[in-house]
Amino acid sequence: MAIPTDRIYSLEGKGLKLTTAEDIEPYLAELRDVENLEEVRLNGNTLGAEASKALASVLKTKKTLKVATLHDIFTSRLKDEVKESVVAICEALGELPDLVEVNLSDNAFGPLGAESMAPFLARHTKLEVLKLNNNGLGIQGGTTIA
């Protein structure tokens with residue numbers, strides 16, 4: 001069943017570099033205005049830790065969200081910044097009862113990212129689809145996720 005376009009928020013492929021809360025605020029204002037949001041597409045942009053935390057504060061209010069497309073959102077970010085971002089976003093996603101699909105592929109967050117998302121995966125048992133391709137998880141990260 002396809003999600004109606006008025007229930008999708010997309011910044012897909014815009015190449016935005018959103019580092020601070022101020023950088024992302026205009027887009028968060030738009031996101032806040034989407035009623036009954038079912039899908040968010042942020043892929044193809046780059047988010048810093050501060051912007052990710054601001055995003056997380058809005059995402060956790062979107063209780064109807066079903067699909068989070070967040071692949072390729074940490075390009076050119078440092079490992080520690082990515083870890084902080086993954087923790088914030090996953091904590092927010094963990095509060096969404098209808099969430100069934102998350103795509104965090106192409107973020108190259110390695111085993112550190114896997115550790116950061118492990119608490120979310122342990123408690124969010126309704127998740128049906130988890131995409132983590134091309135993240136450099138290795139054996140350690142794969143074991144953490146499993």
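Looking at the structure I just gave you, is E101 acidic (D, E) and closer than 20 Å to E22 by Cβ?
In short, no.
So that you can scan it fast, the table gives a plain yes or no per residue for (1) within 22 Å of T46 (Cβ to Cβ); (2) open to solvent by 50 Å² or more (accessible area, probe 1.4 Å); (3) at pLDDT 90 or above; (4) not in a loop (DSSP other than H, G, I, E, B):
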site: D106; (1), (2), (3), (4): yes, yes, yes, no
site: A114; (1), (2), (3), (4): yes, no, yes, yes
site: M117; (1), (2), (3), (4): yes, no, yes, yes
site: L127; (1), (2), (3), (4): no, no, yes, no
site: N135; (1), (2), (3), (4): yes, no, yes, no
site: Q140; (1), (2), (3), (4): no, yes, no, yes
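Go through (1) within 19 Å of H124 (Cα to Cα); (2) acidic (D, E); (3) more than 15 Å from the chain's Cα centre (by Cα) one by one and return the number of the condition E91 breaks.
E91 satisfies every listed condition except (3).
Limited to segment 95-110, what total is found for residues that are under 10 Å from the mean Cα position of the chain (by Cα) and of a type in the set (A, V, I, L, M, F, W, C)?
Final tally of qualifying residues: 2.
Does L65 fit the bill of being outside any helix (DSSP H, G or I), touching a Phe, Trp or Tyr at 6+ places or on another chain (Cβ under 9 Å), of a type in the set (A, V, I, L, M, F, W, C) and more than 26 Å from G136 (Cβ to Cβ)?
Considered against the rule, which asks whether it is outside any helix (DSSP H, G or I), touching a Phe, Trp or Tyr at 6+ places or on another chain (Cβ under 9 Å), of a type in the set (A, V, I, L, M, F, W, C) and more than 26 Å from G136 (Cβ to Cβ), L65 comes out as no.
Kindly indicate whether T19 is open to solvent by less than 80 Å² (accessible area, probe 1.4 Å), among the β-branched types (V, I, T), in contact with a Gly (Cβ under 8 Å, 6 or more places away or on another chain) and modelled with pLDDT of 95 or more.
Spelling it out, T19 is indeed open to solvent by less than 80 Å² (accessible area, probe 1.4 Å), among the β-branched types (V, I, T), in contact with a Gly (Cβ under 8 Å, 6 or more places away or on another chain) and modelled with pLDDT of 95 or more.
When you scan segment 39-61, how many residues do you find that are part of a loop (DSSP other than H, G, I, E, B) and either in contact (Cβ under 8 Å) with a residue 40 or more places away in the chain or open to solvent by 20 Å² or more (accessible area, probe 1.4 Å) (or both)?
Going through segment 39-61 one residue at a time, the tally reaches 4.
I'd like to verify a number: residues in segment 89-146 that are out of contact with any helix residue (DSSP H, G or I) (no Cβ under 9 Å at 6 or more places or on another chain) and of a type in the set (V, I, T), how many?
Of the residues in segment 89-146, 3 are out of contact with any helix residue (DSSP H, G or I) (no Cβ under 9 Å at 6 or more places or on another chain) and of a type in the set (V, I, T).
When residues of segment 68-103 are filtered for being over 22 Å from N134 (Cβ atoms) and in a strand (DSSP E or B), how many remain?
Final tally of qualifying residues: 0.
The values are calculated or read from the model by the stated rules, or taken from the named source; none is laboratory data. The structure presented is a predicted model; accordingly, all values stated were derived computationally and were not measured. Cβ: placed from backbone, ideal geometry, glycine included. Neighbour counts: every protein chain shown. What goes into the accessible areas is simple: the full protein's heavy atoms, side chains included, and nothing from ligands, DNA or RNA. Shrake-Rupley method; radii C 1.70, N 1.55, O 1.52, S 1.80 Å.
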